[in-house]
1. Scan the stretch 78-135 residue by residue and report those that are aliphatic (A, V, I, L, M), touching a residue at least 60 places away in the same chain (Cβ under 8 Å) and either open to solvent by 10 Å² or more (accessible area, probe 1.4 Å) or part of a loop (DSSP other than H, G, I, E, B) (or both).
2. Restricting to the stretch 198-225, what's the tally of residues that are under 28 Å from GLU256 (Cβ atoms) and either touching a residue at least 12 places away in the same chain (Cβ under 8 Å) or basic (Lys, Arg) (or both)?
3. If you go through the stretch 151-173 one residue at a time, how many are in contact with a Leu (Cβ under 7 Å, 6 or more places away or on another chain) and of a type in the set (D, E, K, R)?
4. Return the residues of the stretch 139-163 that are charged (D, E, K, R) and either buried (at least 24 other Cβ atoms within 10 Å of the Cβ) or not in a loop (DSSP other than H, G, I, E, B) (or both); say none if nothing qualifies.
5. Condition first: within 11 Å of SER122 (Cα to Cα) and under 14 Å from the mean Cα position of the chain (by Cα). Now tell me which residues in the stretch 73-100 satisfy that.
6. Of all the residues that make up the stretch 212-225, how many are open to solvent by 70 Å² or more (accessible area, probe 1.4 Å) and more than 24 Å from the chain's Cα centre (by Cα)?
7. What tally of residues in the stretch 233-245 results from selecting those that are surrounded by 15 or more Cβ atoms within 10 Å (Cβ to Cβ) and either over 19 Å from the mean Cα position of the chain (by Cα) or under 26 Å from ARG180 (Cα atoms) (or both)?
8. Against the definition (touching a residue at least 12 places away in the same chain (Cβ under 8 Å), outside any helix (DSSP H, G or I), more than 27 Å from ASP75 (Cβ to Cβ) and within 20 Å of the chain's Cα centre (by Cα)), how does ARG230 come out, yes or no?
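The values are calculated or read from the model by the stated rules, or taken from the named source; none is laboratory data. None of these values were measured; they are calculated from a predicted model. Please note: Cβ atoms are built from the backbone with ideal geometry, for glycine as well, and neighbour counts cover all protein chains shown. We work out accessible area using only protein heavy atoms, side chains counted, and drop any ligands, DNA or RNA first. Shrake-Rupley method; radii C 1.70, N 1.55, O 1.52, S 1.80 Å.
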Amino acid sequence: MPKPPLPDISTASTIPSGGIPRSTTSARCSSSETPPNEQPALHFTEASPREFRIEENNNIVLAIDSGRLMCEPVDGVPKVDRAVTAALLTAFIALKGGDLVSLFGFDAKPRVSSGAVRGSASFAMIQKRAAEIDYSSEETNFTLALITLSARLDRRSLVIIFTDFVDPISAELMLRTVGRLTERHLVLFMMMKDVELETLADMPPLSGEDVARAVTAGGLLRERQIVIGRLRLLGAHVIEANHERLGPALVERYLELKQQDLL
């Protein structure tokens with residue numbers, strides 16, 4: 001089934017209060033009904049012209065994993081669609097603020113690469129390339145994706161990686177590559193909280209099966225936190241947000257990094 005087109009907000013003068021939606025359907029991972037966009041309105045303090053002049057011209061890379069795990073739904077919508085929506089919201093803000101923005105999509109290999117663009121008028125191109133990020137049943141190859149991305153960056157960048165992982169083995173391959181990426185760039189991982197695992201881990205044990213499920217879920221959550229801790233030790237920033245807060249949480253952190261002159 002073809003994807004419906006992304007909404008065109010390239011001429012908008014303000015940010016839509018609900019963010020920038022990206023609704024798609026697929027035979028591999030789809031929902032019968034697209035839920036309403038639940039992102040709350042964003043409120044930012046206005047910076048002086050001098051502050052914006054100082055902070056402009058940063059290079060922002062939005063790297064979106066579209067592999068098998070990111071195809072799984074959260075509250076009826078695939079994780080990759082929620083990631084693209086958050087990425088588009090951030091791209092809209094960054095382009096209006098004078099920064100360079102590029103889009104990079106990957107699964108088993110790199111799939112989409114927009115190149116860096118500047119200015120609000122370029123948002124339509126970013127939006128068009130985002131629509132090309134498709135669902136995949138393949139496992140993500142972090143090593144190939146991040147090495148390819150690093151080779152294309154000729155200046156220090158904020159690299160925002162939307163991804164997920166469930167086991168230490170796949171995460172280990174990612175960690176080896178991230179260590180090299182953080183030597184030169186500021187790396188920020190965006191992940192959605194696993195509400196299903198958290199619910200299972202906290203479920204009252206009414207039977208032996210409930211105890212087994214809770215123990216398994218708790219173990220997976222602990223492994224996830226170990227990987228997140230290792231990412232931070234490597235110098236990466238990590239945001240683990242509820243799915244409805246993914247976009248606002250990313251924009252808030254992006255603006256904080258700009259204000260702290262870390263980009």
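1. Within the stretch 78-135, ILE93, ALA121, ALA124, ALA131, ILE133 qualify.
2. 3
3. Of the residues in that region, 1 qualify.
4. Of everything in the stretch 139-163, just one residue is charged (D, E, K, R) and either buried (at least 24 other Cβ atoms within 10 Å of the Cβ) or not in a loop (DSSP other than H, G, I, E, B) (or both), namely ARG152.
5. Of everything in the stretch 73-100, just one residue is within 11 Å of SER122 (Cα to Cα) and under 14 Å from the mean Cα position of the chain (by Cα), namely ALA91.
6. Total satisfying the criteria: 3.
7. 7
8. No.
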